[in-house]
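In what follows, a structure is listed as structure tokens, so that the remarks can point back to it.
The values are calculated or read from the model by the stated rules, or taken from the named source; none is laboratory data. Bear in mind that the values here come from a model prediction, so they are computed numbers and not experimental data. Cβ sites come from the backbone with ideal geometry, for glycine too, and all protein chains shown count toward neighbours.
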Amino acid sequence: MSKNIVISAAADGIGWCIASCFLDQGYTVYASDINQNKIDQLNTHPLINKRLFIDNVNAGDAASVKKYFKSLKLKVSSIDALINNVGIAGPTGTMEDISVEDWKQTIETNLNSHFYFTKHAIPLLKKNKGGSIVNLSSTAGIFGFPLRTPYAASKWAIVGLTKSLAMELGKFNIRVNAICPGSVSGDRMDRVIEAKAKSINKSEREIRESFEGMASLNTFVDKEDIANMAVFLLSEKAYRISGQIMSVDGNTERMD
């Protein structure tokens, strides 16, 4: 019998890479995303509406997530896993220059989305007699990140959420862990580099080299590295791993 997994922000980037890995593992993937163009592109996937289901959901909106789970319950009575992948980079700048709107949007998207999805997923995991939740945090949720305070604050909060939920849900055989990616190569990182270069008046090449130098391995990680960790955390090999904050970052030494 196919296992059921719910993955947020899964139409592109890290989320789609994770979804693809679990499709390869034989899971039925219930994905969501806010980007309708990316969703439309997946409508030609050979597994769409067979083992891949994707809906447009605003993960930062409680009503939208509630509606999604109401629809999901018409398809499944239980799930094996939830991966909270939603996240935005947020603004780049000093605290006094960050707008209230940008702060609220970052927290709403990066943190509150995890609450909304997890709140509705827990009853479905309990019906399964156990399962796994994986939250996407960041090395910024361990070190902090100057000029990226809303992002860092939201990612630190996810660590606290993960630790607390692991304690709360252990008696139901539900494991909760977080993955902390370092700098992940791709379009989003390119935008972060561009924003920081403008903010501190340096070249994008200088900023890119600085980011690479933050890790002992002097390199960015790939989205496949994050997906591989997610697959491991849901596997039988990780059966007794819970409440852990797993960095996939080439060993971050500093954040600047």
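Quick rundown of the values:
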item	result
Residue satisfying condition, being at pLDDT below 95, hydrophobic (A, V, I, L, M, F, W, C), in a loop (DSSP other than H, G, I, E, B) and more than 20 Å from residue 162 (Cβ to Cβ), within set 89, 11	89
The listed residue being among the hydroxyl-bearing types (Ser, Thr, Tyr), free of Cβ contacts under 8 Å to residues at least 24 places away in the same chain and not in a loop (DSSP other than H, G, I, E, B), out of 71, 113, 32, 20	71
Selection within the stretch 123-141 - surrounded by fewer than 19 Cβ atoms within 10 Å (Cβ to Cβ) and assigned to a helix (DSSP H, G or I)	123, 126, 127
Helices (runs of 4 or more DSSP H) contained entirely in the stretch 180-239, each with at least 1 residues that are at pLDDT 85 or above and under 15 Å from the mean Cα position of the chain (by Cα)	223-234
Matching residues, the stretch 40-54, being surrounded by fewer than 17 Cβ atoms within 10 Å (Cβ to Cβ) and among the aliphatic types (A, V, I, L, M)	47, 48
Condition check for residue 15: over 20 Å from residue 234 (Cα atoms), buried (at least 18 other Cβ atoms within 10 Å of the Cβ) and either of a type outside the set (A, V, I, L, M) or in contact (Cβ under 8 Å) with a residue 12 or more places away in the chain (or both)	no
Selected residue (only one of 67, 73 is in contact with a helix residue (DSSP H, G or I) (Cβ under 8 Å, 6 or more places away or on another chain) and either of a type in the set (A, V, I, L, M) or modelled with pLDDT of 95 or more (or both))	73
Filter result (crowded, with 18+ Cβ neighbours inside 10 Å and under 18 Å from residue 64 (Cα atoms)) within the stretch 18-37	30, 31, 32, 33, 34
Qualifying residue in the stretch 94-106 (condition: closer than 22 Å to residue 226 by Cα, at pLDDT 95 or above and not in a strand (DSSP E or B))	yes
